[in-house]
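Colleague: To start, I am sharing the structure in question, which I have written as structure tokens.
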Amino acid sequence: IGKQVYFFDTVSSTQRIAKKLTMNQVEEGTMIIAEEQTDGRGRMARKWHSQKGGLWFSFIVKPEIPIATAPQLTLLTAVAVVRTIEDLLPLHPKIKWPNDILLHGKKVCGILTELQATDGNIEAVIIGVGLNVNQQKEAFPEDIRKKATSISLETGMIVDPISLLKGFCFQFEQLYKLFLQHGFQQIKNMWEQSCETIGKEVTATTFKGTVKGEAFGISDEGALLLKEKDGSVLRIFSADIDGS
Ligand code: BTN
């Protein structure tokens, strides 16, 4: 990935541009990067604060895999981000299901995966990564200051976003090759090892309401597996998770 790169100063959202590109013939691995996004989006259509200082990019992959396994790519991307940070910095990021990367309990990176499919076949997967790199505290709005952090805030260092991006491309490519050749199992193991949600009592808020249970793993579709008090197993596909 990253052989074809479009670099912008300011865009609405790299994800939106990447999605537009997939309407035409676009090479696998094409990447859109911006220094600043004016309308960055997160999961569940939430706003994603994307001022200068962070690393905001989206890229396109075209794997020949069944559509049901597409969420595995989000988990793979989370593992790639963890490895990138661990490789370059004295930090040990943790994953919070489904795909938040945390440093000391605060979110440093979010991942957004969107699919383009026709007749049940994947045409393209658009993966967006937002990594807080050099932002200082004031860059985050008051309401998310307690929950968000940047690499700089955690290390006291100013880090070159492009070296992180190069590291990510390398890590992603290795994992992606492994995934295409050998499937999801090894990636899943790596993901579970870095996940802080597994083994914890959690509260999951879904659109249907709130459930409590012990998170004990993920399914191959990327669903969080919860064991309730009475022993029944729930598969959570979309929710906000809080430790309790
Ligand atoms: C989340 O945790 O909710 C996902 C956040 C994803 C943000 C990235 S920044 C680059 C790309 N462009 C966007 O508008 N969103 C993603």
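Bear in mind these aren't lab numbers, they're just calculated from the coordinates by the rules spelled out. Keep in mind that what you see is a predicted model, and the values were worked out from it rather than measured. Positions of Cβ are backbone-derived with ideal geometry, glycine not excepted, and every protein chain shown enters the neighbour counts.
Colleague: Can you give me the distance in nm between label points at SER163 and MET44, each placed 7 Å from the Cα along the Cα-to-Cβ direction?
Modeller: Placing both labels 7 Å along Cα→Cβ, they lie 3.7 nm apart.
Colleague: Translational diffusion coefficient of the chain at 20 °C, 1.002 mPa s, Stokes-Einstein with Kirkwood Rh over Cα pairs, in µm²/s as a whole number.
Modeller: Translational diffusion coefficient: 117 µm²/s.
Colleague: In what sequence, highest mean first, do 139-148, 30-39, 79-88 appear when ranked by Cβ atoms within 10 angstrom?
Modeller: Those peptides, ordered most packed to least, come out 79-88, 30-39, 139-148.
Colleague: Okay, next question. Let's see if you can work this out: charge +1 on each Lys and Arg Cβ, -1 on each Asp and Glu Cβ, no other charges. What is the dipole magnitude of the chain about its Cα centre, in debye to the nearest 20?
Modeller: It comes to approximately 380 debye.
Colleague: Let's see if you can work this out: charge +1 on each Lys and Arg Cβ, -1 on each Asp and Glu Cβ, no other charges. What is the dipole magnitude of the range 138-244 about its Cα centre, in debye to the nearest 20?
Modeller: About 200 debye.
Colleague: Okay, moving on. Where does the range 110-244 land on the Kirkwood hydrodynamic radius, alpha-carbon pairs, in angstrom?
Modeller: When all Cα pairs of the range 110-244 are included, the Kirkwood radius is 17.9 Å.
Colleague: Based on DSSP H assignment, which helices of the chain show an axial Cα extent of at least 30 Å together with a mean Kyte-Doolittle hydropathy greater than or equal to -1.0?
Modeller: 161-182
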